[in-house]
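Engineer: Have a look at the structure that comes next, please.
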Amino acid sequence: NAGVMQNPRHLVRRRGQEARLRCSPMKGHSHVYWYRQLPEEGLKFMVYLQKENIIDESGMPKERFSAEFPKEGPSILRIQQVVRGDSAAYFCASSPLTGRYNEQFFGPGTRLTVL
Amino acid sequence: GQQLNQSPQSMFIQEGEDVSMNCTSSSIFNTWLWYKQDPGEGPVLLIALYKAGELTSNGRLTAQFGITRKDSFLNISASIPSDVGIYFCAGQTRGSQGNLIFGKGTKLSVKP
């Protein structure tokens with residue numbers, strides 16, 4: 001059973017470009033979470049999605065950031081017009097359940113560098 | 001926003017020593033999770049706790065869910081070199097839709 005997969009592992013963008021980060025959850029998991037990690041910091045929640053639905057986007061910046069989890073295919077975190085402050089590691093996690101027994105399993109992350 | 005205070009921030013270990021770290025919060029949590037992260041990798045789930053007072057072990061690791069529901073600790077017994085890394089606590093509050101709140105991590109390094 002493959003774990004959570006993320007690609008690319010490393011992404012370099014120039015200011016103003018778009019960044020697309022992909023996440024395929026573990027088989028059988030229908031809940032996907034995106035987190036951002038700055039150097040020397042813990043992970044910060046961004047968004048929680050189920051198939052075709054955004055459940056909680058309270059951690060997403062209001063502008064330039066969007067996320068989707070279509071019926072088919074991976075979840076996508078999209079950052080438009082990137083700025084240097086967007087440089088961070090972005091992690092995706094998946095869970096088979098929600099509510100109390102919410103064990104989230106993380107992918108290896110995408111490290112975004114904005115030049 | 002809600003915060004988890006994790007301590008210590010860093011510690012040095014010598015092989016064979018026991019290690020202890022903890023997390024506290026001003027809010028009540030209904031789930032506590034402990035993760036380990038190696039450089040360049042994602043966090044790996046070590047232990048999950050769901051009930052106040054619960055004590056759970058995973059090999060040389062033991063974690064407890066505090067009675068007040070506002071704290072948790074993780075112990076590592078007889079540490080070995082591969083225990084080096086960053087350990088994060090994470091919790092979920094009652095009103096949460098599922099998102100986890102993370103501590104800032106405890107960095108374990110080998111004593112020089």
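Read the figures in this text as sums done on the coordinates, not as results from a lab. Bear in mind that the values here come from a model prediction, so they are computed numbers and not experimental data. Positions of Cβ are generated from backbone atoms using ideal geometry, with glycine treated the same way; all protein chains shown enter the neighbour counts.
Engineer: Can you give me the relative contact order of chain A as a percent, contacts being Cα pairs under 8 Å and 6 or more apart?
Structural biologist: 36
Engineer: Within the protein assembly as shown, how many lysine pairs that are 8 or more places apart, or on different chains, have C-alpha atoms less than 23 Å apart?
Structural biologist: 18
Engineer: Counting only DSSP beta bridges with both residues in the protein assembly as shown, tell me the antiparallel percent, nearest 5.
Structural biologist: Details: 71 of 79 bridges.
Percent antiparallel among DSSP bridges in the protein assembly as shown is about 90.
Engineer: Here's something else I'd like to know. Tell me, what is the percent relative contact order of chain B, built from C-alpha pairs under 8 Å that lie six or more residues apart?
Structural biologist: Numbers: 282 pairs, mean separation 40.9, N = 112.
The value is 37 percent.
Engineer: Give the whole-number value, in cubic angstrom per residue, of the convex hull volume spanned by the C-alpha atoms of the protein assembly as shown. Intermediate values should be presented prior to the final figure.
Structural biologist: Details: hull volume 27.7 nm³, N = 227.
Output value, Cα hull per residue: 122 Å³.
Engineer: Provide, as a two-decimal number, the C-alpha radius of gyration of the range A:41-90 over 2.2 N^0.38 Å, N being how many residues it has.
Structural biologist: Numbers: Rg = 11.6 Å, N = 50, 2.2 N^0.38 = 9.7 Å.
The range A:41-90 yields a ratio of 1.19.
Engineer: Also, quick follow-up: Post the alpha-carbon centroid distance, the range B:63-98 to the range A:41-115, in whole angstrom.
Structural biologist: The range B:63-98 and the range A:41-115 have Cα centres spaced 23 Å from each other.
Engineer: Viscosity 1.567 mPa s, temperature 4 °C: give me the Stokes-Einstein translational D for the range B:1-46 in µm²/s, with Rh taken as the Kirkwood radius over C-alpha pairs. The partial results should precede the final answer.
Structural biologist: On the way: Rh = 13.0 Å.
It diffuses with D of about 99 µm²/s by this estimate.
Engineer: For chain A, what is one quarter of the convex hull surface built on the Cα atoms, given in nm²?
Structural biologist: On the way: hull surface 28.0 nm².
Taking the Cα atoms of chain A, their convex hull projects to 7.0 nm² on average.
Engineer: While we're here: Using DSSP to define loop residues, name the trypsin sites (Lys or Arg not before Pro) in the range A:18-94 whose beta-carbon has at most 16 other beta-carbon atoms within 10 Å. Write out the running numbers ahead of the final one.
Structural biologist: Values: sites: A:ARG20, A:ARG22, A:LYS27, A:ARG36, A:LYS44, A:LYS51, A:LYS62, A:ARG64, A:LYS71, A:ARG78, A:ARG84; in loops: A:LYS27, A:LYS51, A:LYS62, A:ARG64, A:LYS71.
Counting only loop positions with at most 16 other Cβ atoms within 10 Å, the trypsin sites (Lys or Arg not before Pro) in the range A:18-94 are A:LYS27, A:LYS51, A:LYS62, A:ARG64, A:LYS71.
Engineer: With a bin width of 5 angstrom, please list the P(r) values of the range B:29-112 as percents of all Cα-Cα pairs, from the 0 bin to the one holding the largest distance.
Structural biologist: 3, 15, 25, 24, 18, 10, 4, 1, 0
Engineer: With an 8 Å cut-off on Cα pairs and a minimum separation of 6 or more residues, tell me the relative contact order of the range A:1-61 in percent. Show your work: numbers first, answer last.
Structural biologist: On the way: 76 pairs, mean separation 14.1, N = 61.
Here the relative contact order equals 23 percent.
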